[in-house]
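The values are calculated or read from the model by the stated rules, or taken from the named source; none is laboratory data. Only a predicted model underlies this, so the values are computations on that prediction, with no experimental measurement involved. As a convention, Cβ positions derive from the backbone with ideal geometry for all residues, glycine included, and neighbour counts pool all protein chains shown.
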């Protein structure tokens, strides 16, 4: 009834105030859509939560405003005299945007609820700006003083608030607070329209000159400004002037606000994305503007020539690393994520226009996005730039069902971004992909916000983006510092090749003044699979990028391949060819990696001696000190060597490694150095110097290219055991890579010739190949052997008696099972490389040893623990493998035959990287009490997250969690930190959770969320603790939770600051239903499970006549006796609270079925 009353009042206001042809609101919604919006809020929790969050953001200010209007008005800074300030000088922008964001939220709440206290609050803020801006002219209208900042922030929020409020403001009874007199006066819409006109005209910026960039490249500024410009124009009531201004915005353009149709939209190439660095490429504002213009002017048919932009909206999710962070090229932030907004904009537009395939695709993409992030929790922030989240989600958002048909594979092996010259390669696994997935990019080009890099590379490994491109610093001021302009912008700050010590960019054509960033665009020459296609073999893929570098008069060609050897092992093949078209004096291969140490070794582990060098303390004398390697510190170089080399980068934080293998045969000098810290690095590496290796080779590097095998590993025992060059005459054309994974041995011949016309013959091993890229694999486990022939680009491949002819697209593959050589088999029974063993294990090792061998010796961490001369080859009661608590163990079997020929197999065994901080390393017992400072072992970003990265306590001093000096309290808590505890619940049941804490801050604030993150279960959320004052500790029950028996990882998420934590305790309330009742029955389906809104119960091939749902205490919460086999149950309608439930049905034959259900 209340909603109908509010709607009726609103419609009367519209009828009464409809003097101009454009009805308000118009930006995010219309009066005709209001019933639909109200229904959305009524029906869906996500929609109502947006209103709730918006209220939470403004309610205290609105309440204060009723009696003290100056409280909010006094927070408004003085308005700038004009719009001529630089971005750095516009220091008041955030404050203006913030207060107008409060106004826009209040105006939205008034529009939805009709509560006039919100209207008055918004009206008084708007009136302050109206009185300030109405007397001005368009050319000197300003808020912060930046013609780039104001349209993106203050102007946009002003327009949104005015659009929601205008009907209220124009009521004869409306009064507003005038700060200058301290009194209320009648609202004057004529003055308001003068201010609106000034804002719109200033944003449009006709006084600044004409658009001269039709068909040319422009920066992202006009796109970032565009919503605020268009919103302001739509608030102008003079129809003729508004239409004229819209035409300038849409068709004509100005110097600051380029034409949307003639300048902005033509810059979207065939891939449909904005051609800049990745985090700038999202450009959600373009789809926003297209959708808004189509809503208000459907006759323009804006999508007729712009459907490729909708296609481009789905490209970005393909550019995620295994940990879901984005790859990075140019001035990019790795964690900026505009995909959900793009999908919501696309969905709204597609659903209105009847673009059915795009509508379905957007729904699926949104569902996948929400699932990946633990569900849909709409953000409603108060922020500075482009803060449209609340409005676009509420008014343009469409409900996404819990279950939806279809799936989008955003993990194709090859992705090519043409404008950036970038090719991505990946190989992901089903289980523990964050640990074992492979993903890398190679490429480079000039575009707005590009760096001058040549063909640079990023590599992921074992949970880290190990080898990172430069990216963008946090602050605007840092962008102009020498570290950014003279290093990260340059070749030496990236993973690339420098020719003759002089590789550089030039200024003509550069996107930024005095930047010397222009370079030629790298192009994709070949790839298998091609862009977003499916692979022909799950273990192999490649991409080759070519750079015709006219700036430096050289040519370069780089191939990156991901090669999978098992579900937990694989490697990158990187071949980099380079030659100067003039003199080839020397080449430097530059590689950066996270880490604490760089070890340069021969393949037997012998460290190479190094001596200090100053060879990189020079530049070419240009303005930007190219190539940028003056920033290398602590530079130490080896003697020249042609030996096979392993470079190992040690990440001590998690005992993780990146291993870089170089075959023998080319004389090189290896310099290890330190450079500036890697931006946005994981864990403590964000504050540590980056490890660098610079490898110098005299002469050309085209016929003698750099070939490197990169293997991420979780121990020093790599699966790659040896690497050799492959030659076509004197030309290096690939590598032979031998790997050993447990009892499996893999030999790969990775062939990468200069182009597809080349013919290779390796008679010693029986290989013949015509083409560019191929792999021949021989693998043998204990009793099986296979040969794989793979052509990525070529025509024919032969290995011994086996041959393969490529298809019409010059690719092909086949796998042939062959007879295994059992006489020399060697391996471990029931053990695999990187297998995790519970801490405290006493391990027996059994070897599988072929009949050719006369003895076998077992080594543990290079210690001989015994030699056996006959089967069974079993080693037991080994002291080194008793009560195993070390993080890793290197196990090796060395077997010798009658001729004293030795073969070996090695593997690494791991104990958990995260384990309980208890005397016996076993999980904390529940029920029981746990000290907060006894969070799990494992390190930052594994067992905990801490922002300060500093612990001054003597208790656990090597950890980053802030602990009191007495070692008993977790203190200095910051928002976003978390602690995890491995627990073991002895008995399923309902438990009270008590927390002992000190809470000093007031008023009340959200402090804790408690969850099982690995199980995607939230136990308690947004807990507010009792204020204790300083120096007082309180033990209080924060909630009751249902816990299943077994081992879990419990996380306390810390939501704010101002409190300290002592301990927590789980106390058993009551037991759950007995285990024999809750057996999993495959005939009974309950889905989705977990659920938030509704769920379906289905009995396969039968019907039931009795259905009951019980909570964890055994209390019946739902009953249905209808004869049926499918039923949909609404959580909200049946008042089913969050928790654990049991669905119990009895069919017509009297048989009972039970399933667990979790309601979140």
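Out of (1) under 24 Å from residue 100 (Cα atoms); (2) outside any loop (DSSP other than H, G, I, E, B); (3) out of contact with any helix residue (DSSP H, G or I) (no Cβ under 8 Å at 6 or more places or on another chain), the odd one out for residue 181 is which?
(2)
With the structure loaded, tell me whether residue 32 is out of contact with any helix residue (DSSP H, G or I) (no Cβ under 9 Å at 6 or more places or on another chain), part of a helix (DSSP H, G or I) and modelled with pLDDT of 95 or more or whether it fails that test. Quick ask: steps written out before the conclusion?
Numbers: out of contact with any helix residue (DSSP H, G or I) (no Cβ under 9 Å at 6 or more places or on another chain): yes; part of a helix (DSSP H, G or I): yes; modelled with pLDDT of 95 or more: yes.
Considered against the rule, which asks whether it is out of contact with any helix residue (DSSP H, G or I) (no Cβ under 9 Å at 6 or more places or on another chain), part of a helix (DSSP H, G or I) and modelled with pLDDT of 95 or more, residue 32 comes out as yes.
Specify which of the listed residues (1042, 1022) is in contact with a strand residue (DSSP E or B) (Cβ under 9 Å, 6 or more places away or on another chain), assigned to a strand (DSSP E or B) and on the phi < 0 side of the Ramachandran plot.
Working: 1022 fails: on the phi < 0 side of the Ramachandran plot.
Sole residue among the options that is in contact with a strand residue (DSSP E or B) (Cβ under 9 Å, 6 or more places away or on another chain), assigned to a strand (DSSP E or B) and on the phi < 0 side of the Ramachandran plot: 1042.
Just give me the residues in the range 371-384 being assigned to a helix (DSSP H, G or I) and crowded, with 16+ Cβ neighbours inside 10 Å, in sequence order.
Answer for the range 371-384, where residues must be assigned to a helix (DSSP H, G or I) and crowded, with 16+ Cβ neighbours inside 10 Å: there is none.
Go through the range 401-428 residue by residue and tally those that are at pLDDT 95 or above and in contact with a helix residue (DSSP H, G or I) (Cβ under 6 Å, 6 or more places away or on another chain). Give the derivation first.
Initially, the range 401-428 is screened for residues at pLDDT 95 or above, giving 408-428.
In the following step, the residues that additionally are in contact with a helix residue (DSSP H, G or I) (Cβ under 6 Å, 6 or more places away or on another chain) were identified as 408, 410, 415.
The number of residues fulfilling the criteria is 3.
Hey, any hits in the range 435-443 for a residue that's more than 18 Å from the chain's Cα centre (by Cα) and either outside any loop (DSSP other than H, G, I, E, B) or in contact (Cβ under 8 Å) with a residue 40 or more places away in the chain (or both)?
From the range 435-443, those more than 18 Å from the chain's Cα centre (by Cα) are 442-443; that's our starting set.
Remaining after also requiring either outside any loop (DSSP other than H, G, I, E, B) or in contact (Cβ under 8 Å) with a residue 40 or more places away in the chain (or both): 442-443.
Scanning the range 435-443 turns up at least one residue that is more than 18 Å from the chain's Cα centre (by Cα) and either outside any loop (DSSP other than H, G, I, E, B) or in contact (Cβ under 8 Å) with a residue 40 or more places away in the chain (or both).
Of all residues in the range 860-879, which are more than 41 Å from the chain's Cα centre (by Cα) and either under 19 Å from residue 837 (Cβ atoms) or surrounded by 18 or more Cβ atoms within 10 Å (Cβ to Cβ) (or both)?
863, 865, 873, 874, 875, 876, 877, 878, 879
Pick out the one residue from 234, 310, 288 that is within 30 Å of residue 209 (Cβ to Cβ), modelled with pLDDT of 95 or more and not assigned by TED's automatic domain parsing to the domain that holds residue 166.
Matching residue, one of 234, 310, 288: 288.
Considering (1) touching a helix residue (DSSP H, G or I) at 6+ places or on another chain (Cβ under 8 Å); (2) closer than 26 Å to residue 887 by Cβ; (3) in a strand (DSSP E or B), say which one residue 590 fails and leave the rest.
(2)
For the range 766-781, indicate whether the set of residues that are assigned to a loop (DSSP other than H, G, I, E, B), farther than 19 Å from residue 565 by Cβ, without any contact (Cβ under 8 Å) to a residue 60 or more places away in the chain and not assigned by TED's automatic domain parsing to the domain that holds residue 559 is non-empty.
Yes, the range 766-781 has at least one match.
I need the helices (runs of 4 or more DSSP H) fully contained in the range 199-315, keeping only those with at least 2 residues that are touching a residue at least 60 places away in the same chain (Cβ under 8 Å) and surrounded by fewer than 21 Cβ atoms within 10 Å (Cβ to Cβ).
Answer list for the range 199-315: 221-234, 239-247, 284-296.
Of the numbered conditions (1) modelled with pLDDT of 95 or more; (2) assigned by TED's automatic domain parsing to the domain that holds residue 892; (3) out of contact with any helix residue (DSSP H, G or I) (no Cβ under 8 Å at 6 or more places or on another chain), residue 845 fails exactly one; give the number of that condition.
Status for residue 845: all satisfied but (3).
Give the residues of the range 914-949 that are at pLDDT below 90, part of a loop (DSSP other than H, G, I, E, B) and touching a helix residue (DSSP H, G or I) at 6+ places or on another chain (Cβ under 9 Å), sorted by residue number.
Listed by number, the residues that qualify are 939, 941, 942, 949.
If the requirement is being in contact with a strand residue (DSSP E or B) (Cβ under 7 Å, 6 or more places away or on another chain) and either more than 21 Å from residue 397 (Cβ to Cβ) or surrounded by fewer than 16 Cβ atoms within 10 Å (Cβ to Cβ) (or both), which of these qualifies: 325, 352?
Unique residue meeting the criteria: 325.
So, of the residues in the range 604-658 that are more than 30 Å from residue 504 (Cβ to Cβ) and either assigned by TED's automatic domain parsing to the domain that holds residue 959 or in contact with a strand residue (DSSP E or B) (Cβ under 6 Å, 6 or more places away or on another chain) (or both), which turns out to be surrounded by the fewest Cβ atoms within 10 Å (Cβ to Cβ)?
By that ranking, first place goes to 607.
A quick yes/no check of all residues on (1) in contact with a strand residue (DSSP E or B) (Cβ under 9 Å, 6 or more places away or on another chain); (2) assigned to a loop (DSSP other than H, G, I, E, B); (3) free of Cβ contacts under 8 Å to residues at least 12 places away in the same chain; (4) within 30 Å of residue 139 (Cβ to Cβ):
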| residue | (1), (2), (3), (4) |
| --- | --- |
| 53 | no, no, no, no |
| 57 | no, no, no, no |
| 64 | no, no, yes, no |
| 87 | yes, yes, no, yes |
| 109 | no, no, no, no |
| 112 | no, no, no, no |
| 117 | no, no, no, no |
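Does residue 348 fit the bill of being modelled with pLDDT of 95 or more, in the same structural domain as residue 206 (by TED's automatic domain parsing) and assigned to a helix (DSSP H, G or I)?
Details: modelled with pLDDT of 95 or more: yes; in the same structural domain as residue 206 (by TED's automatic domain parsing): no; assigned to a helix (DSSP H, G or I): yes.
No; evaluated as a whole, the condition is false for this residue.
Matching residues to (1) crowded, with 23+ Cβ neighbours inside 10 Å; (2) at pLDDT 95 or above; (3) assigned by TED's automatic domain parsing to the domain that holds residue 526:
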{"residue": "697", "(1), (2), (3)": "no, yes, yes"}
{"residue": "700", "(1), (2), (3)": "no, yes, yes"}
{"residue": "728", "(1), (2), (3)": "no, yes, no"}
{"residue": "752", "(1), (2), (3)": "yes, yes, no"}
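Take residue 493 and decide whether it is on the phi > 0 side of the Ramachandran plot and touching a helix residue (DSSP H, G or I) at 6+ places or on another chain (Cβ under 7 Å).
No, not satisfied.
Run down 668, 679 and say which single residue is under 24 Å from residue 976 (Cα atoms) and buried (at least 18 other Cβ atoms within 10 Å of the Cβ). Explain how you work it out, then say what you get.
Values: 668 fails: under 24 Å from residue 976 (Cα atoms).
On inspection, the qualifying residue turns out to be 679.
For every residue, the table says whether it meets (1) within 30 Å of residue 491 (Cβ to Cβ); (2) within 18 Å of the chain's Cα centre (by Cα); (3) touching a residue at least 60 places away in the same chain (Cβ under 8 Å).
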{"site": "357", "(1), (2), (3)": "no, no, no"}
{"site": "376", "(1), (2), (3)": "no, yes, yes"}
{"site": "380", "(1), (2), (3)": "no, no, yes"}
{"site": "384", "(1), (2), (3)": "no, no, yes"}
{"site": "406", "(1), (2), (3)": "no, no, no"}
{"site": "466", "(1), (2), (3)": "yes, yes, yes"}
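Taking residue 889 as the residue in question, decide whether it is buried (at least 18 other Cβ atoms within 10 Å of the Cβ), outside the structural domain of residue 1046 (by TED's automatic domain parsing) and more than 22 Å from residue 1030 (Cβ to Cβ).
Yes, satisfied.
Hey, among 982, 1028, which residue is under 29 Å from the mean Cα position of the chain (by Cα) and surrounded by 16 or more Cβ atoms within 10 Å (Cβ to Cβ)? Working first, answer last.
On the way: 1028 fails: under 29 Å from the mean Cα position of the chain (by Cα).
After ruling out the rest, the residue left standing is 982.
Out of (1) closer than 30 Å to residue 513 by Cα; (2) outside any strand (DSSP E or B), the odd one out for residue 674 is which?
The number of the failed condition is (2).
Which of the residues belonging to the range 604-630 are under 16 Å from residue 668 (Cβ atoms) and not in a loop (DSSP other than H, G, I, E, B)?
If the condition is that a residue be under 16 Å from residue 668 (Cβ atoms) and not in a loop (DSSP other than H, G, I, E, B), then 610, 611 are the ones that fit.
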